[in-house]
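Comments concern the structure below.
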Amino acid sequence: MKPFRSAVAALALFVSVPAFAQALTAEESQQIDTLVTTTLADTGVPSASVAIVRGGKIVFTKAWGKQSLDIAQARTDVPYQIASISKQFTAAALLLLEDQGKLTLDDPVSKYVPGITQGDHITIRQLLSHTSGLQDYWPQDYSFAAMEHPVTPQQIVDRWAKKPLDFPPGTQWQYSNTGYVVAGMIVEKVSGTKLLDFLKAHIFSKLDMHPINQDLAIGKGYPVGYHRYALGPVRPEKPAAPGWLYAAGELAMTASDLAKWDIARIDRTVLPADDWAAQETAILLTNGKDTGYGLGVDVGEKNGHAYVEHSGEAVGFLSENIVFPKDKAAVVVFVNSDFSNAFLTITQGIVKTAFPAIANAAADTDETVKTAEARKVYDQLVTGTLDRTLMTEDANYYFTDEAQKDYQTSLSALGEPVSFEPRGSPKLRGGFVYRGYTVTYPDRKLSVSTYAEPGENGRYEQFLVAPMS
């Protein structure tokens with residue numbers, strides 16, 4: 001489950017202006033409607049649901065497109081799977097349990113969950129800040145073979161949290177869904193209740209929020225998640241079997257529900273003010289380096305304006321939530337697809353309309369060799385000659401005959417790219433190295449998202465192509 005750690009760079013580290021309490025003007029609303037409608041049409045993403053907070057109030061909610069075949073008109077009361085945005089709620093639960101004197105964030109995880117590699121040296125705080133060293137069980141942007149079968153938190157721990165650590169605790173930052181599974185188990189053991197029940201009692205009921213377990217947000221009345229191989233047909237995506245999201249991303253909710261949580265963050269309600277501050281304080285590594293990540297949220301500042309951000313990816317869904325607490329502003333965007341950058345394009349456009357936005361970050365390392373390697377694989381997909389020895393077992397599972405056909409058919413029709421360029425800097429994730437690329441054609445741009453094994457000859461765990469708007 002990708003959190004789109006690179007989303008902050010892609011969103012250009014938005015800068016907000018002094019908040020206005022009034023609702024959006026007719027012109028602003030029309031600009032946003034045009035933005036979303038055009039983006040959905042350009043990318044093939046079926047639907048979007050949006051909420052905007054200005055002046056500490058929800059001033060705009062709207063849904064567009066096809067949420068499912070049985071939902072005739074897109075509705076704002078339909079819950080979308082928000083995946084990793086859920087992590088901040090798991091972190092909040094542990095902060096509340098600390099307030100109750102039932103644990104401290106600096107307790108070793110072995111005190112609550114036995115058998116974890118170096119559990120005596122990993123703290124709860126390190127689980128929440130992705131500095132534990134536990135290997136991520138889901139770095140891919142697709143569901144791998146095991147996800148066809150139900151799983152329990154303990155089974156995830158047994159398979160991934162008992163491996164050798166990727167690094168000594170506290171020495172590096174690396175996104176880890178595994179760490180949040182352990183965190184959820186601690187919440188349940190200490191509180192004596194299910195994680196979702198704890199959140200309902202202490203947060204959701206107080207904010208009139210009505211999230212549900214995303215494993216239940218499937219079927220009639222719920223949005224269908226969609227997938228696409230490169231520029232091939234947009235198809236309904238098979239949901240993961242129950243249990244895979246859990247405390248790392250188990251929630252489904254409406255955009256307005258998440259906006260209520262954003263307002264609580266702005267107003268410092270529900271949680272004590274020091275809990276909000278703790279969640280929004282970037283964790284430092286043992287060498288003093290700032291991770292840019294607090295407890296379940298990306299945090300930072302641009303031109304004096306603080307932001308709190310997280311994105312999420314479930315099977316068939318992408319979501320983005322960015323808050324400017326001091327400016328009393330927030331944007332929530334949900335889409336029912338796990339392809340394309342539409343959710344970021346919509347967020348970016350909304351912030352440009354309702355608040356100002358500022359420039360993209362650029363890659364700061366020499367990526368010539370790796371870019372050439374990625375271009376070679378891209379060309380193989382175009383010509384239908386994929387060298388499977390360059391792929392891991394999971395990547396070969398993903399590239400079915402149907403997938404390869406869609407890739408070849410849709411990409412070969414575009415002709416020769418004008419350019420193939422790196423986007424952002426490489427990042428470590430789940431034992432793999434993430435790299436993104438932009439492929440430019442005369443009339444369109446495509447996004448390439450890759451994960452590869454470390455080292456000069458590392459195989460690709462993921463090589464996904466999607467439209468950009």
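The values are calculated or read from the model by the stated rules, or taken from the named source; none is laboratory data. A quick note: this is a predicted structure, and the numbers were derived from the prediction, not measured. Neighbour counts run over all protein chains shown; Cβ positions are idealised from the backbone, glycine included.
Would you mention how many residues in region 179-194 are in contact (Cβ under 8 Å) with a residue 24 or more places away in the chain and over 15 Å from the mean Cα position of the chain (by Cα)?
Residues of region 179-194 that are in contact (Cβ under 8 Å) with a residue 24 or more places away in the chain, as a first pass: 179-187, 189-191.
Filter once more, so that each one left must be over 15 Å from the mean Cα position of the chain (by Cα): 179, 181-187, 189-191.
Count: 11.
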Here is a check on your reading of the model: is THR123 in contact with a Phe, Trp or Tyr (Cβ under 6 Å, 6 or more places away or on another chain) and either surrounded by fewer than 20 Cβ atoms within 10 Å (Cβ to Cβ) or of a type in the set (Ser, Thr, Tyr) (or both)?
no
All conditions in (1) touching an Asp or Glu at 6+ places or on another chain (Cβ under 7 Å); (2) assigned to a helix (DSSP H, G or I); (3) of a type outside the set (Val, Ile, Thr) are true of ARG265 except (1)
Scan region 82-133 residue by residue and report those that are closer than 25 Å to ALA314 by Cα and either without any contact (Cβ under 8 Å) to a residue 24 or more places away in the chain or of a type in the set (Ser, Thr, Tyr) (or both).
SER84, SER86, THR90, SER129, THR131, SER132
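For the structure I just gave you, tell me whether LEU446 is aliphatic (A, V, I, L, M), on the phi < 0 side of the Ramachandran plot and buried (at least 21 other Cβ atoms within 10 Å of the Cβ). Write out each step before concluding.
Numbers: aliphatic (A, V, I, L, M): yes; on the phi < 0 side of the Ramachandran plot: yes; buried (at least 21 other Cβ atoms within 10 Å of the Cβ): yes.
So LEU446 fits the description; yes.
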Answer residue from region 298-324, given it is within 23 Å of ALA354 (Cα to Cα) and assigned to a loop (DSSP other than H, G, I, E, B) and is modelled with the highest pLDDT among those:
GLY304
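Here's the yes/no breakdown for (1) of a type outside the set (Asp, Glu); (2) modelled with pLDDT of 95 or more:
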residue: SER256; (1), (2): yes, yes
residue: ASP262; (1), (2): no, yes
residue: ALA277; (1), (2): yes, yes
residue: THR291; (1), (2): yes, no
Among the residues of region 242-260, which ones are crowded, with 19+ Cβ neighbours inside 10 Å, within 21 Å of GLU188 (Cβ to Cβ) and not acidic (Asp, Glu)?
TRP244, LEU245, TYR246, ALA247, ALA248, GLY249, LEU251, ALA252, MET253
Hey, ALA277 in the same structural domain as TYR137 (by TED's automatic domain parsing), without any contact (Cβ under 8 Å) to a residue 12 or more places away in the chain, surrounded by fewer than 23 Cβ atoms within 10 Å (Cβ to Cβ) and part of a helix (DSSP H, G or I) or not
yes
Yes/no for LYS238 being surrounded by fewer than 24 Cβ atoms within 10 Å (Cβ to Cβ), outside the structural domain of GLN404 (by TED's automatic domain parsing), out of contact with any strand residue (DSSP E or B) (no Cβ under 7 Å at 6 or more places or on another chain) and in a helix (DSSP H, G or I):
no
